[in-house]
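Every read-out reported here was derived from the displayed coordinates using simple, explicitly stated rules and does not represent laboratory data. Since the structure is predicted, the reported quantities are computational estimates derived from the model, not experimental observations. Cβ sites come from the backbone with ideal geometry, for glycine too, and all protein chains shown count toward neighbours.
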Amino acid sequence: MSARSLNTYHSGLSATSLRSSRSVIRQASNMLPQNRDRRVVDGASEMLTPGLHDIADEVRAEKISEALKRKEWERSEKWRKMAKNVRKGARGEGTEFEFDVKNPKLIERTWKGIPDRWRAAAWWSFLASSAQNDTESPSEEDIIKAFHELQDRSSPDDVQIDLDVPRTVSLHIMFRRRYEGGQRLLFRVLHALSIYFPETGYVQGMASLGATLLCYFDEEKSFVMLVRMWQLRGLERLYRHGFEGLMTALNEFETIWLHKDVAKKLTELGIEATAYGTRWYLTLFNLSLPFPAQLRVWDVFLLLGDSGSNPVEAKPQNKKSAATPIGPPTGLGILHATSAAIVQALREVLLDSDFENAMKSLTSFVSIQDEDLLMKVSKAEWKSHKGKRRA
């Protein structure tokens with residue numbers, strides 16, 4: 001071994017030893033009560049470990065499965081008690097459910113996951129509540145009326161939409177048949193959306209959003225949900241023409257949310273958030289996380305992602321430095337917190353990776369096995385950021 005190689009080897013050992021020592025000290029300090037959230041964040045990598053399907057003992061697996069079913073039923077009962085029946089008027093469709101979005105119990109239970117049987121009702125109620133508080137938000141009836149009127153108009157994006165629809169979640173039974181079922185509904189929803197927001201038109205990530213909503217709503221309500229997500233959850237900012245809003249959001253994530261050690265490593269490798277975050281943000285993690293994990297993120301995003309008025313956006317001064325955004329990344333804090341949780345789960349891999357392996361880790365499908373831990377880490381990141389703002 002040459003002298004130069006030997007020096008490099010010893011330097012690597014020194015860096016590893018230093019990192020190990022710091023890790024031991026941090027683990028010890030994490031046992032303090034005030035560092036509970038930090039302890040959760042540091043254990044983020046455990047969300048990637050195999051879960052129930054790797055348990056060899058089938059009897060034990062069956063017992064765990066029964067326990068999960070019982071737990072799900074108990075959670076559903078809690079959501080039933082929180083739901084308030086609302087009699088529909090204009091469209092005469094019977095009853096819907098309304099939830100008190102300010103109720104601390106509802107917020108806490110949303111972080112723990114909405115039972116699937118209540119998911120459509122809760123999502124609808126969350127956005128309907130935001131629409132009621134926004135004087136400029138169009139009514140459900142007006143949006144549905146526009147949806148049907150727009151079906152008679154042509155869109156300059158129809159050809160691209162027609163190409164993308166068959167490639168969207170093609171393995172799902174709803175979307176397998178060309179020009180039928182879910183494919184036809186998805187085309188109609190995206191066609192209307194591309195005309196409803198002419199400055200944006202159609203962008204590929206929209207197909208993933210529409211497909212997710214069509215798993216829970218009919219085409220009319222899916223369109224209403226998309227319009228409200230655009231106007232009330234910050235998606236209009238992300239999809240703005242030229243993607244200036246997306247670039248600003250990713251800059252916010254890099255400069256405020258990304259942990260310093262990982263941020264330093266990615267900077268050294270020349271990897272910017274645009275290289276991996278674009279797909280995360282535009283599809284709301286549809287193409288990056290397992291469907292159950294994606295739904296958990298959407299639960300919280302649709303409840304707590306109220307965009308309100310757009311903040312003053314910081315414009316990057318150059319590629320290496322940027323002004324700090326004023327105020328929170330309004331409406332997108334949940335996306336930032338989830339992104340931070342994913343990166344934290346990959347932290348050890350990233351710190352020991354070269355450019356190629358780091359890019360592969362960040363741009364590949366992230367096999368989340370523990371959705372509860374994903375959301376615990378996301379919540380800890382979210383709370384930490386809110387605490388820093390108060391301070």
Check: What's the extension gain from Gln204 to Lys386 if we count 0.36 nm per residue and subtract their Cα-Cα distance?
Finding: 62.3 nm
Check: Based on the mean of other beta carbon atoms within 10 Å per residue, what is the order of 225-237, 142-154, 246-258, most packed first?
Finding: 225-237, 246-258, 142-154
Notebook entry, point to check: Hey, what do the phi angles of the range 154-162 turn into as Karplus ³J(HN,Hα) couplings, whole Hz, using 6.51/-1.76/1.60 and θ = phi - 60°, x for Gly and Pro?
Noted result: 8, 10, x, 9, 4, 5, 5, 4, 4
Margin query: Could you order the peptides 361-374, 285-298 from most to least packed, using the average number of other C-beta atoms within 10 Å per residue?
Written below: 285-298, 361-374
Checklist line | Spin-label proximity, Glu77 to the range 105-129 - amide N less than 17 Å from point 7 Å beyond Cα toward beta carbon | finding: 115-118
Item checked: Rounded to whole Hz, the Karplus (6.51, -1.76, 1.60) HN-Hα couplings of the range 130-144, x for glycine and proline -> 5, 5, 5, 8, 10, 5, 8, 6, x, 6, 4, 5, 5, 5, 5
Margin query: Could you check the spin-label model distance between Thr363 and Arg70? Points 7 Å from the Cα along Cα→Cβ, value in nm.
Written below: 4.8
Checklist line | Förster-model FRET efficiency, 35 Å R0, Arg167 and Arg240, C-beta, rounded to 0.05 | finding: 0.90
Check: What number comes out for the charge environment of Gly113, summing +1 per Lys or Arg and -1 per Asp or Glu over other residues with Cβ under 13 Å away?
Finding: +2
Checklist line | Prolate/oblate/rounded label for the range 96-146 (Cα gyration tensor, a/c 1.5) | finding: oblate
